[in-house]
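Here it is, the structure in full.
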Amino acid sequence: MFSNSTKYAIRTIEYLLHNNSDEKKSVVKLAAELDIPQPYLSKIMQQLSKGDIISSSKGRGGGFYLSDENMKRPLIDIVVCIEGYNVFDKCILGLKECSDKNPCLLHKYYGVFKASLVKPINQDSIKELFKLPN
């Protein structure tokens with residue numbers, strides 16, 4: 001449903017949430033910890049930073065982190081930052097004709113999923129979204 005870029009973005013934000021300390025994480029460290037190609041992750045992190053989804057600082061001791069303001073953003077902002085708004089216009093099963101009048105088998109569940117994306121970025125919302133264990 002989502003591109004690898006979006007999946008990597010969500011995984012990285014979940015990692016930053018789980019390891020939320022005063023230490024900023026370099027893209028090299030994040031790529032190694034998450035087993036994501038570093039050049040690919042660099043581009044994703046730049047997108048997220050430009051979209052104010054994550055924060056960054058340059059120089060010695062710099063890196064990426066989540067500020068209090070970042071964590072007030074809804075989860076949907078991560079997806080929209082990477083994929084664009086039109087990702088939600090497509091049928092989850094890839095059907096050309098899918099609507100409220102002519103729904104696919106997963107149409108109503110996709111609506112619930114999309115509604116869950118408006119919650120703020122935090123550990124509980126990401127676990128709930130992907131039904132991750134505690």
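Under 8 Å for C-alpha pairs, at least 6 residues apart: give me the relative contact order for segment 1-121, rounded to a whole percent. Working shown, then result.
Numbers: 123 pairs, mean separation 31.0, N = 121.
It rounds to 26 percent for segment 1-121.
Quick one: dipole size for the chain, taken about the Cα centre, charges +1 on Lys/Arg Cβ and -1 on Asp/Glu Cβ, in debye to the nearest 20. Spell out each step's value before the answer.
On the way: 19 positive and 15 negative charges, 42 e Å.
Dipole about the Cα centre, nearest 20: 200 debye.
Which entries of Lys72/Lys114; Lys58/Lys114; Lys7/Lys72; Lys50/Lys119; Lys25/Lys90 have Cα-Cα distances beyond 24 Å here?
Details: Lys72/Lys114 18 Å; Lys58/Lys114 34 Å; Lys7/Lys72 20 Å; Lys50/Lys119 21 Å; Lys25/Lys90 34 Å.
Pairs exceeding the cut-off: Lys58/Lys114; Lys25/Lys90.
Another question, if that's okay. So, in nm, how far is label Asn4 from label Cys91 when the simple model puts each one 7 Å beyond its Cα toward the Cβ?
Roughly 2.7 nm, to one decimal.
Right, something else. Could you tell me which residue out of Ser67, Tyr15, Leu93 lies farthest along the dipole of the chain toward its positive end? Charges go on the beta carbon: Lys and Arg +1, Asp and Glu -1, centred on the Cα centre.
Toward the positive end, the furthest listed residue is Leu93.
Tell me the GluC sites (Glu not before Pro) within segment 59-104 that lie in a loop according to DSSP and have at most 10 other beta-carbon atoms within 10 Å.
Numbers: sites: Glu69, Glu83, Glu97; in loops: Glu69, Glu97.
Of the GluC sites (Glu not before Pro), the ones in loops of segment 59-104 whose Cβ has at most 10 other Cβ atoms within 10 Å are Glu69, Glu97.
Based on Cα coordinates alone, diagonalise the gyration tensor for the chain, multiply each eigenvalue by 5, take square roots, and list the semi-axes in whole Å, largest first. Mind showing how you got there, number by number?
Details: eigenvalues 176, 46, 32 Å².
For the chain, the ellipsoid semi-axes come out as 30, 15, 13 Å.
Could you compute the FRET efficiency for Lys50 and Cys104, with r as their C-beta to C-beta distance and R0 at 22 Å, rounded to 0.05?
Working: r = 34 Å, r/R0 = 1.56.
The computed FRET efficiency comes out at 0.05.
Taken together, the values in this text are just the output of simple stated rules run on the coordinates, not laboratory data. All values reported here derive from a predicted model rather than from experimental measurement. Neighbour counts are summed over all protein chains in view; Cβ atoms, including those assigned to glycine, are modelled from backbone coordinates with ideal geometry.
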